[in-house]
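Heads up, the thing below is written out as structure tokens.
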Amino acid sequence: MDLPEIRSHLGKFRVGIAGAGGLGSNCAVALARSGVGTLVICDFDIIEEPNLGRQYYFADQLGMMKTTALKENIARINPVIRVISHEKKLDSGSICEIFADCHVIVEAFDSSENKEMLIETVQMRMPGKPLVVGSGMAGWGRTRDIRFRKIDETLYVCGDESSEPAVNLPLMAPRVGMVANMQANTVIEILMEMNEPLSQEG
């Protein structure tokens, strides 16, 4: 396929993104630039000054809901992309409701507890739904440690799977961006192997 054919194919799919922080915002932008047709983004947080160091937001967006600002930024990049935003904290019930029609889900949470909750929910209540997880991206350097791993037929992990954020090992733009873009690349790989979906409304 050439690039227009690739973008035409990707434009028929819907991807869910759980979280709009460092991973979620950068992954969403990469998917939008690639031509994924619909992004379903869920986050309940607002943009604060420390977020600007690694998240795809701007100083004049401080205080805005992350979902609102991200939708605005994606519209400036590619106005054809449809963004469906939800401003709420995800739980096992809302995950199934919000991401039911998505072809792939991206996990982009900060806390390990929420990551585990999302993985368990998707695997138990949404069998067959591909889930791309980010794990281990704190600090700097150690580029060769960041990797992709396919756990099973529906679970994929991007990151070094070990480095947790700490005072002396903060989250920084380069490694977070690498993992976010690796997640986006994994999503595209999955979608490119899928048959074109039936048209969806809503």
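Computed from the coordinates by the stated procedures, all read-outs in this text should not be read as laboratory data. Quick caveat, the model's predicted, so the values are computed rather than measured. Counting neighbours? That spans all protein chains shown, and the Cβs are built from the backbone with ideal geometry, glycine included.
Under 13 Å from a point placed 7 Å out from the Cα of GLU116 along the Cα-to-Cβ direction: which residues of region 57-97 have their backbone N that close?
Counting only backbone N, you get no residues.
If you average the sequence gap of Cα pairs under 8 Å that are 6 or more apart and divide by the length of the chain, what percent do you get for the contact order?
24 percent
Hey, any idea what Rg/Rh is for region 3-192, computing Rh the Kirkwood way over Cα pairs?
Using Cα coordinates only, the ratio equals 0.93.
Choose one of VAL80, GLN183, LEU62: the residue whose Cα lies farthest towards the positive end of the charge dipole of the chain (beta-carbon charges +1 Lys, Arg; -1 Asp, Glu; about the Cα centre).
VAL80
With both bridge residues required to lie in the chain, what share of the DSSP beta bridges run antiparallel, to the nearest 5%?
25 percent
Relative to the present Cα-Cα distance, how much length would full extension add between ARG33 and ALA166 at 0.36 nm per residue of separation?
Taking 0.36 nm per residue and subtracting the Cα distance, the gain is 44.7 nm.
Just in region 106-153: which GluC sites (Glu not before Pro) are loop by DSSP and have at most 16 other Cβ atoms within 10 Å?
Answer in residue order: GLU153.
Give, rounded to the nearest 20 debye, the magnitude of the charge dipole that region 11-82 has about its Cα centre when Lys and Arg contribute +1 at Cβ and Asp and Glu contribute -1 at Cβ.
480 debye
If you build a Gaussian network model of the chain, linking Cα atoms that sit under 10 Å apart, which residue out of GLY11, GLY93, GLY22 swings the most?
Of GLY11, GLY93, GLY22, the Gaussian network model singles out GLY93 as fluctuating most.
What lysines sit close enough to LYS71 to cross-link, taking a C-alpha to C-alpha distance under 16 Å and skipping anything fewer than 8 places away on the same chain?
Reachable lysines: LYS88.
For region 50-84 and region 96-127, what is the separation of their C-alpha centers, rounded to whole Å?
Between the Cα centres of region 50-84 and region 96-127 lies a distance of 22 Å.
Compute, for the chain, the length of the dipole vector about the Cα centre, with Cβ point charges of +1 (Lys, Arg) and -1 (Asp, Glu) only. Units Debye, rounded to 20.
420 debye
Do the sum for the chain: with -39,500 (n - 2.57) for every DSSP H run of n ≥ 4, divided by all residues, what is the mean residue ellipticity at 222 nm, to the nearest 500 deg cm²/dmol?
Theoretical 222 nm ellipticity from helices: -11500 deg cm²/dmol.
So the label point goes 7 Å from the Cα of TRP140 along Cα→C-beta, right? Which residues of region 170-195 then have their backbone N under 11 Å from it?
Counting backbone N atoms under 11 Å from the label point, the list is 170, 172-175.
Suppose the chain between ARG125 and GLU5 were pulled fully straight at 0.36 nm per residue; how much longer would it get relative to their current alpha carbon spacing?
Once the chain is fully extended between ARG125 and GLU5, it gains 39.8 nm.
Among LEU52, SER34, VAL157, flag the residue with its Cα farthest along the positive direction of the charge dipole of region 3-192, charges on Cβ as +1 for Lys/Arg and -1 for Asp/Glu.
SER34
For the chain, set up a GNM with springs between Cα atoms under 10 Å and report which of ILE17, ILE151, ILE81 has the largest fluctuation.
The residue that fluctuates most here is ILE151.
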